[in-house]
Ligand code: COI
């Protein structure tokens, strides 16, 4: 409740003075003073620059973790996260009122205010016991914020007519990349803490992990894992409205080729999110394009190990990306309905609304996605009851993949070979020396 009151249009501003009793007037002026004070706190944090890190720094710091380092890491999270949240709250405050007040955006604003205030007040961490409570506190916030992306996506889609596309997309980019950064730092610290206590108990821990980072991530295994899960999934022919398409017709094969032994330091959840999304799109496009064939043309995932980067090209024969609505593949990353008219589809908005209001939010990893599908298969699905497919296409996967790819300085490029297929190029830096791609402010 705190946050909304600092914005115009909040309860404080809406009360007409003539209707105030003296007691209410007193309460109102106290609350205005309080909100003024809180906004001053926000300004204070928002005026600091983010202390950005590289993947390599995260590895080096966490590699030989000691009690002292763990506590230092906890206090870095405690002081850094409110700065990053404050930047985004300020960013939201500069949006037109009609946008911030939109369903979904207002929810996120509120959630960020609460998190900002809690972090700001959290006392310094001085011991391992205090760090354990801190990790529980952070875990709680991570769970509470699960529905942030569908909420933002819903809100910005609804607000799209009021924001010029470049402004909308750059705002969304800052929001999403900052969110990834905060979650990485938080999850990394929690993972380091778990690792440290397991080691203290004398448990053997994997040598190739530091927090959320895999030091020798085998790219081929990640692609195979995504392909295996995706190809096990039944085809949702109803959603594609293909007459006569059967759910148990085979998926196309996924052929992995190129430098098959490549291993590099990266966050597995990020790599797999993107690969999963690209393969999912390729499998579906191939199936849609070749409805009469029993043997579908394969999808090729080519891995190339360069000096500075690892590239994965996913090629399909699914017909390409351009449609009468999508004139340029990069518009698929856009949240503006002027670039990507699907943003305003009623069924998509309905699906986003359902996901935003369910406490489950968005899945973050391949494992979570698969668990969700498995439970969809054997339970009464509330989404289905609400008239939404269990695998709704809400258009978040590609923009999020783009954000994941660019977070540590990589890229995602979609090339449409119109009428034939699509080549997607995912390039990820292998040296880990790029700073996080978030704004300093
Ligand atoms: C987010 O998920 O958006 C966060 O900011 C998480 C953080 C509060 C731990």
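The values are calculated or read from the model by the stated rules, or taken from the named source; none is laboratory data. Because the structure is predicted, anything quoted here is derived from the model rather than measured. Note that we place each Cβ from the backbone using ideal geometry, even for glycine, and neighbour counts take in every protein chain shown.
List of remarks:
- Residue check for residue 212: in contact (Cβ under 8 Å) with a residue 40 or more places away in the chain, within 24 Å of residue 268 (Cβ to Cβ) and within 15 Å of the ligand (Cβ to nearest atom): yes
- Near pairs, Cβ below 9 angstrom, 6+ apart or cross-chain, from segment 171-183 (in the same structural domain as residue 406 (by TED's automatic domain parsing) and modelled with pLDDT of 95 or more) to any residue that is within 9 Å of the ligand (Cβ to nearest atom) and not in a helix (DSSP H, G or I): none
- You will find that of 54, 79, 66, the residue that is in contact with a strand residue (DSSP E or B) (Cβ under 7 Å, 6 or more places away or on another chain) and modelled with pLDDT of 95 or more is 54 and no other.
- Residues that are within 14 Å of residue 159 (Cα to Cα) and part of a helix (DSSP H, G or I) within segment 331-341 comprise just one, 341.
- Flag if residue 214 is touching a strand residue (DSSP E or B) at 6+ places or on another chain (Cβ under 7 Å) and over 15 Å from residue 92 (Cα atoms): yes
- Every residue from segment 53-81 that is within 16 Å of the ligand (Cβ to nearest atom) and assigned to a loop (DSSP other than H, G, I, E, B): 53
- Helices (runs of 4 or more DSSP H) contained entirely in segment 82-193, each with at least 1 residues that are buried (at least 21 other Cβ atoms within 10 Å of the Cβ) and within 13 Å of the ligand (Cβ to nearest atom): 105-121, 128-144, 148-159
- Annotation note: of 394, 326, 403, the sole residue that is closer than 21 Å to residue 280 by Cα and at pLDDT below 90 is 394.
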